[in-house]
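Student: Sending over a structure as structure tokens; questions will come in a sec.
The values are calculated or read from the model by the stated rules, or taken from the named source; none is laboratory data. Everything quoted here is computed from the prediction, not taken from an experiment. Reconstructed Cβ throughout: ideal geometry from the backbone, glycine too, with neighbour counts over all protein chains shown. Heavy atoms of the whole protein, side chains included, go into the accessibility calculation; ligands, DNA and RNA do not. Shrake-Rupley method; radii C 1.70, N 1.55, O 1.52, S 1.80 Å.
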Amino acid sequence: MMLYHLLLQTVSTQQSAGVSSGQPHLLLFDLYSYKDAEKAVNDLSQAARGGSLYVIADEVSGSSYFCSVCDKLLTQVPHLHLWAASCYHGNATVGWQVEYLTRPLRSPPAVVREVEQDRSFTNDRDVLPYSERGVPDHTDGPPVRRLYHQRHGHSGDSPENVTTTATTLTSTNGGTRSPCLQWRDVLVLYWIKIRDDSGMMKGLEEAGIPVRVMKDDDTEDVATARSDVVWVTSGSRVCGLERKVVVCLEDQLLSRFYSMSRCTSQLLIVYS
């Protein structure tokens, strides 16, 4: 979604400068479904109409149906130009040219050290290890902040019930808030689903923080950071996005890769 809007901006700029360019189209397919995979092939083949077709497939997750879509498009579209990106290696269709991008340029070193402890690096090995950044680190980044809510007398089995996190978040972003930091710069990410009436949501609201739980209809809003609110959602739903401040509501193995890697500056981890 974010990539689509960036392309729209580029096309608009080119058209303003008198440069003729094509128009991007956003297509959403569930390629874990055979029906959607067949629909993707038919829709894209029709769009080509015997001419050239340019496809950017983002966040490819290794579905076998995706490889099938690629193979069928190669036979049905004479002039196919297809680029695909995935955070996992080993998913490319046989015969494709592959490039591995392993330099961690999004997050500061303090965050990178947390992310690379994820089991995707250490156990499963389905994500390639980070390589040297290749650029100087002028700073280690803000220290990772940790909140152990049980030590503060809180009850409940999971950190989503911790209202004290609101105080931590407010001290990070509110009160004497820097003009370069807005609520839209903050993501609160979880692995276990949070409801609108959960303790975490109530605590943030009581602290005066504009906060919303992400629903399916909010995908575009979250991707473009249109609304100046703190979004609360699962780390798996914001792959490809980044925010200055990320609050992780658990320290599970998969949360490191899906959640902590979204952070470009200040990382907060809430432990149960």
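Student: Out of region 229-249, which residues are surrounded by fewer than 18 Cβ atoms within 10 Å (Cβ to Cβ) and either in contact with an Asp or Glu (Cβ under 9 Å, 6 or more places away or on another chain) or free of Cβ contacts under 8 Å to residues at least 24 places away in the same chain (or both)?
Tutor: Correct list: 236, 237, 239, 240.
Student: Could you list all residues from region 182-217 that are touching a residue at least 40 places away in the same chain (Cβ under 8 Å), surrounded by fewer than 18 Cβ atoms within 10 Å (Cβ to Cβ) and part of a helix (DSSP H, G or I)?
Tutor: 206
Student: Checking residue 269 against (1) in contact (Cβ under 8 Å) with a residue 24 or more places away in the chain; (2) in a helix (DSSP H, G or I), which test does it fail?
Tutor: Looking at each condition in turn, residue 269 falls short on (2).
Student: Continuing with this model, one more query. Please verify whether residue 101 is within 29 Å of residue 55 (Cβ to Cβ), modelled with pLDDT of 85 or more, within 17 Å of the chain's Cα centre (by Cα) and part of a loop (DSSP other than H, G, I, E, B), treating the condition exactly as stated.
Tutor: Working: within 29 Å of residue 55 (Cβ to Cβ): yes; modelled with pLDDT of 85 or more: yes; within 17 Å of the chain's Cα centre (by Cα): yes; part of a loop (DSSP other than H, G, I, E, B): yes.
Criteria met by residue 101.
Student: Still on this model: Test residue 45 against the criterion of being among the hydroxyl-bearing types (Ser, Thr, Tyr), within 24 Å of residue 222 (Cβ to Cβ), without any contact (Cβ under 8 Å) to a residue 60 or more places away in the chain and open to solvent by less than 60 Å² (accessible area, probe 1.4 Å), and give yes or no.
Tutor: For residue 45, the condition - among the hydroxyl-bearing types (Ser, Thr, Tyr), within 24 Å of residue 222 (Cβ to Cβ), without any contact (Cβ under 8 Å) to a residue 60 or more places away in the chain and open to solvent by less than 60 Å² (accessible area, probe 1.4 Å) - is not met.
Student: Collect the residues in region 109-118 that are in contact with a Phe, Trp or Tyr (Cβ under 8 Å, 6 or more places away or on another chain) and open to solvent by 60 Å² or more (accessible area, probe 1.4 Å), keeping them in residue-number order.
Tutor: Within region 109-118, the first condition is being in contact with a Phe, Trp or Tyr (Cβ under 8 Å, 6 or more places away or on another chain), and the residues that meet it are 112, 115-116, 118.
Selection gives 116 alone.
Student: Where residues in region 233-252 are in a loop (DSSP other than H, G, I, E, B) and among the charged types (D, E, K, R), which of them is modelled with the lowest pLDDT? Break it down stepwise before answering.
Tutor: Residues of region 233-252 in a loop (DSSP other than H, G, I, E, B): 238-242, 249-252.
The next check asks that each one be among the charged types (D, E, K, R); those that pass are 242, 250-251.
Working: 242: 93, 250: 72, 251: 58.
Among those that are in a loop (DSSP other than H, G, I, E, B) and among the charged types (D, E, K, R), it is 251.
Student: Sticking with this structure for a sec: For region 67-76, which positions are under 28 Å from the mean Cα position of the chain (by Cα) and open to solvent by 20 Å² or more (accessible area, probe 1.4 Å)? Before you say what the answer is, go through the steps one by one.
Tutor: In the first step, residues of region 67-76 are kept if they are under 28 Å from the mean Cα position of the chain (by Cα); the result is 67-71, 73.
Scanning region 67-76 gives 67, 68, 71.
So that you can scan it fast, the table gives a plain yes or no per residue for (1) open to solvent by less than 70 Å² (accessible area, probe 1.4 Å); (2) small (Gly, Ala, Ser); (3) in contact (Cβ under 8 Å) with a residue 24 or more places away in the chain:
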{"site": "32", "(1), (2), (3)": "no, no, yes"}
{"site": "35", "(1), (2), (3)": "no, no, no"}
{"site": "39", "(1), (2), (3)": "no, no, no"}
{"site": "50", "(1), (2), (3)": "yes, yes, yes"}
{"site": "53", "(1), (2), (3)": "yes, no, yes"}
{"site": "78", "(1), (2), (3)": "no, no, yes"}
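Student: Any idea how many residues of region 182-218 are within 25 Å of residue 1 (Cβ to Cβ) and in contact with a Gly (Cβ under 9 Å, 6 or more places away or on another chain)? Walk me through it before giving the result.
Tutor: Filtering region 182-218 for residues within 25 Å of residue 1 (Cβ to Cβ) gives 182-196, 201, 204, 209-218.
From what is left, the residues that are in contact with a Gly (Cβ under 9 Å, 6 or more places away or on another chain) are 183, 187, 189-191, 209.
Adding up the residues that qualify gives 6.
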